[in-house]
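Participant: Quick one: structure below, then a few questions.
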Amino acid sequence: MQRSVEDWLSLLEQRHPTEIELGLGRIAAVASRMGISPGHARVITVAGTNGKGSTCAMIDALLTAHGLRTGRYASPHLLTFHERITLTGTAINDEQLLAAFAAVEAGRGDVSLTFFEFTTLAAFWSFQQAKLDVWVVEVGLGGRLDATNILDADVGVVTSIALDHQDWLGDDVVQIGREKAGIFRPQRLAVLGQPDGCEGVVEVAQKLGIRLLRRGRDFGLTKGTHYWHWNGVIINSQGDELSIRMEQLTVPQLPLVNASTALQAVLLLFPDIGRQAASQAFAQVRLMGRMQSYQFGEADCVVDVGHNPQAAQYMADQLRERQWQPDAVILGMLSDKDVTQTASLLLTLMPKTLFLASLSVPRGRSASQLESLIKTDVPIVTCESIAVAIEQARQHHKKLLICGSFYTVANAIHHFQDAD
C-alpha cells in the first residue's frame, strides 16, 4: 500500500531520535549515493537570522521574470508542506513529492536522517529531475553545518545577523556570523544584506579571499514617493566590475532591504536582467505570513512570522510607516526565543491590551511562561490558544497584530479560514 504525503511526513517526524542534529556527514553520504548534483544549474544559497524567506522569494521571482526555470527550497512552511518546494513558481504536487520521498528512502540505505535532512534531499532530487536553470536554497539553521550546505553556492547570501538559536550557533553575533558565512565558497561570490555588525561574515570572506558585496557600501537603495531606486554592481564576461543603477522600480510587499539584496545576488549571475523584468517580479511576489493583512469580521488583522527582537523592530517600524497602530497584540512564541526583548519592542506600538497565547508544539511556551518574562503596565490577557486569543481580542478591539512564530501565524490563518 502506497503511503500518502501525510503518512510520509508523520513517519519522518518520528523516525530520527532528535529534531535537530547539525552536521553534513549523513546527508552528504546519501546525496552522493543518489547522485544528487546541480549539474549545469546555478545555485544561490541564502542564510541569515531574518529575511531569508522573503529574499529567496524575490530572487525566485526575479529569475522567473527573466524566463529562467527555478527551484526554490524554503522552511518552515505555514499551511502545507508543499510550500517548501516550488518549481518555477509552483508548489510541488503530491505525485512529485511522493516520487522524491521514495527516491530518498531507496537511496539512504541504513543511514538515519533527520526530518530536515530527508526533506532537503527530496527537494534537491526534485530539482535535479526538473532540469532547472537555478536552484534557490534557503538555509534552515545557521549555515556551515546545515543540511543545505552540501551544495556549493555560486552566490552565497547572508541577509542579516542577530542573536538567535544561540544553543546551536554561539552566543555572540561574531560567532553567529561565522556560522552563517559557512555557505561561502572559494572562488565564488558573496552578498551581505546588513551594512554593519557583521564582523564574522566579513572575516570568513576575507579568509576565503572572495569578493563580498555589502549593502551600504557596494549596493543599496533609495526610496522615492511611489517607486524605489537601486544601485549596485554587475560583473561582465571579462570579470570586470561595473556600477549599475535601476530607477523607478515597483515597491514590493516584502521588505525593501531584502529586495535590494535579492537584486544584487541575481545580477551577479545574470547581469542582463533589466528594469522591466525586475519591476514585474517585485509587483507580483508574495509570501504568506509576512506583514500580511486579513479582514476577520470587523477586525483588521496583520500577521507576521517575526520571532526575535530584530524582526519585532522591523514590524514596529513598518506599522509606524503605515500609520497603523494595533489596539491589541497577540503573541505566541517558542521556548528558545528572546521573549522579553521581542515583547518590549512590540509594546512600543502602544497597544491597549497584550494577549499571550500558548503554543501546543514541542518547543512552544505557555501563556503563563510568556507572562513571567514580560514586564509592562499594559493589561495582559493569557489564552490557551491563538484561536481563543483572536476571539477574545476581537470582542473589544478592531486592529490586531498577531505574531511571534510560524506556528502563531499558521494557527491564526487556519482560524480565519475555518471561520469562512
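Participant: Quick one: which helices (runs of 4 or more DSSP H) sit completely within region 86-176 and have at least 2 residues that are surrounded by 17 or more Cβ atoms within 10 Å (Cβ to Cβ)?
Facilitator: It comes to 94-108, 115-130.
Participant: Given the condition of a type in the set (Gly, Ala, Ser), under 21 Å from Arg394 (Cα atoms) and surrounded by 21 or more Cβ atoms within 10 Å (Cβ to Cβ), answer yes or no: does some residue in region 336-352 qualify?
Facilitator: yes
Participant: Here is a follow-up. Which ranges mark the helices (runs of 4 or more DSSP H) fully within region 313-400 that have 2 or more residues being under 23 Å from Glu298 (Cα atoms)?
Facilitator: So the answer is 386-396.
Participant: Any idea which of Ala61, Ala29, Ala41, Ala57 is within 22 Å of Tyr407 (Cβ to Cβ) and of a type outside the set (Phe, Trp, Tyr)?
Facilitator: Ala57
Participant: Separate question: Scanning region 280-298 for residues that are modelled with pLDDT under 95 and of a type in the set (A, V, I, L, M), which turns out surrounded by the fewest Cβ atoms within 10 Å (Cβ to Cβ)?
Facilitator: Step by step, filter region 280-298, then rank; the result is Met288.
Participant: Counting only residues that are within 16 Å of Leu346 (Cα to Cα), among the charged types (D, E, K, R) and touching a residue at least 12 places away in the same chain (Cβ under 8 Å), which one in region 371-404 is surrounded by the fewest Cβ atoms within 10 Å (Cβ to Cβ)?
Facilitator: If we take residues in region 371-404 being within 16 Å of Leu346 (Cα to Cα), among the charged types (D, E, K, R) and touching a residue at least 12 places away in the same chain (Cβ under 8 Å), then Lys375 is surrounded by the fewest Cβ atoms within 10 Å (Cβ to Cβ).
Participant: Looking at this structure, is Gln194 assigned by TED's automatic domain parsing to the domain that holds Arg275, among the polar types (S, T, N, Q) and at pLDDT below 95?
Facilitator: Spelling it out, Gln194 is indeed assigned by TED's automatic domain parsing to the domain that holds Arg275, among the polar types (S, T, N, Q) and at pLDDT below 95.
Participant: Are any of the residues in region 127-142 touching a residue at least 40 places away in the same chain (Cβ under 8 Å), assigned by TED's automatic domain parsing to the domain that holds Ile85, within 15 Å of Gly23 (Cβ to Cβ) and hydrophobic (A, V, I, L, M, F, W, C)?
Facilitator: Yes, the conditions are met somewhere in region 127-142.
Participant: Same structure, new question: Being of a type in the set (Val, Ile, Thr) and assigned to a strand (DSSP E or B) is the filter; apply it to region 204-253 and report the residue that is nearest to the chain's Cα centre (by Cα).
Facilitator: Per the stated criteria, the residue is Thr250.
Participant: Filter region 269-312 down to residues that are of a type in the set (A, V, I, L, M), part of a helix (DSSP H, G or I) and more than 21 Å from the chain's Cα centre (by Cα) and give me whichever is nearest to Met58 (Cα to Cα).
Facilitator: Ala277
Participant: Identify all residues within region 353-406 that are aromatic (Phe, Trp, Tyr) and modelled with pLDDT under 95; write none if there are none.
Facilitator: Within region 353-406, Phe406 is the sole residue that qualifies.
Participant: With the checklist (1) modelled with pLDDT under 95; (2) closer than 26 Å to Leu79 by Cβ in hand, flag the one item Val302 doesn't pass.
Facilitator: (1)
Participant: OK, next. Going by the conditions given, is Ala343 closer than 23 Å to Gln310 by Cβ and at pLDDT 95 or above?
Facilitator: yes
Participant: May I pose another question? Just the residues that are buried (at least 23 other Cβ atoms within 10 Å of the Cβ) and more than 18 Å from Trp135 (Cα to Cα), please, taken from region 261-279.
Facilitator: Ala278
The values are calculated or read from the model by the stated rules, or taken from the named source; none is laboratory data. Everything numeric in this text was worked out from a predicted model, so none of it was measured. For neighbour counting, all protein chains shown are included, and Cβ atoms are generated from backbone atoms with ideal geometry for every residue, glycine included.
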